[in-house]
1. Please give the FRET efficiency for Asp118 paired with Thr42, using the beta carbon to beta carbon distance and R0 = 25 Å, rounded to the nearest 0.05.
2. Taking neighbour Cβ counts within 10 Å as the exposure measure, how do Phe106, Phe225 sort from fewest upward?
3. Name the residues whose placed amide hydrogens come within less than 5 Å of the amide hydrogen of Ser214, ignoring near sequence neighbours (fewer than 5 apart) on the same chain.
4. Express in whole angstrom the spacing between the alpha-carbon centres of the stretch 42-120 and the stretch 153-179.
5. Would you order Ile87, Ile111 from fewest to most other beta-carbon atoms within 10 Å of each residue's own beta-carbon?
6. From the mean inverse distance of alpha carbon pairs (Kirkwood) and the Cα radius of gyration, derive Rg over Rh for the stretch 45-143.
7. Return the loop-located trypsin sites (Lys or Arg not before Pro) in the stretch 138-179 (DSSP other than H, G, I, E, B) with at most 14 other Cβ atoms within 10 Å of their own Cβ; answer none if there are none.
Amino acid sequence: MTRLLLLAVAALASMSALAQAQPSAPPPNTITVTGEGRVAGTPDRAVVRLGVTTRAATAAEALRAHEADMARVLTRVRTLGIADRDIQIEALSLGENYGPNGPDGFAATRIVSVTTDDLRLVPELVAGVVGEGANRLDGLVYTMRDERPAVLQALDLAVADARAKAERLAAASGVRLGRVVGVQETPAGFGPPMPMYRAQADVTPNPAAYSAGSTRVDAAVVVTFEIAP
């Protein structure tokens, strides 16, 4: 009796594993389409990545001089009204510096990101830190503080796009479109700010060189519709 029970359990387990291995068949009498939506938003936040690289004969001298250089740069940032919470260290390194003939001292490098919601400050910020000794500008990105409204709008457009495609497919196939039986959001993410570029600055602010452009938000959905009887 026990052996028969064990055999029955083994058979059921084998059938379950086989069923799980089979790919799920698409629902019958349906149309599945992908919809896409895109919204252009107005940037209201800027993130500037800047830094200082300081070289000296020894590691201790490089670090000591570097900290003084960086302190001047960050003091300039703070004089523009940018709070400490909006200044974040992203990288800090200290190591041998290599020239054409091999090691020739040490170099200390620190990269910080500075965030401001006043886009008018960007030209003055970049020019100011370069004037105080910043010798690295690793990027300028414009974005939006609250992207949720744009995301929701992009999703609305994606669903509308999916319905339009499904209606066209149904008409071309000689059938009628029924109710929605499945919706799935697919990764789309945020498009790059337009333009997004490496900041290049003179020590004199030039606002015309820092156009914020627009920020693109994309959404995509997969929608399955019934074919109406």
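All of the numbers you see were taken from the coordinates with simple rules; none came from a lab. None of these values were measured; they are calculated from a predicted model. Here the Cβ is made from the backbone with ideal geometry for all residues, glycine too, and neighbour counts use every protein chain on show.
1. With a Förster radius of 25 Å, E is 0.95.
2. Ranking Phe106, Phe225 by Cβ neighbours within 10 Å, fewest first, gives Phe106, Phe225.
3. Answer set, sorted by chain and number: Met194.
4. Cα centroid to Cα centroid, the span is 52 Å.
5. Ile87, Ile111
6. 1.03
7. Answer by residue number: Arg145.
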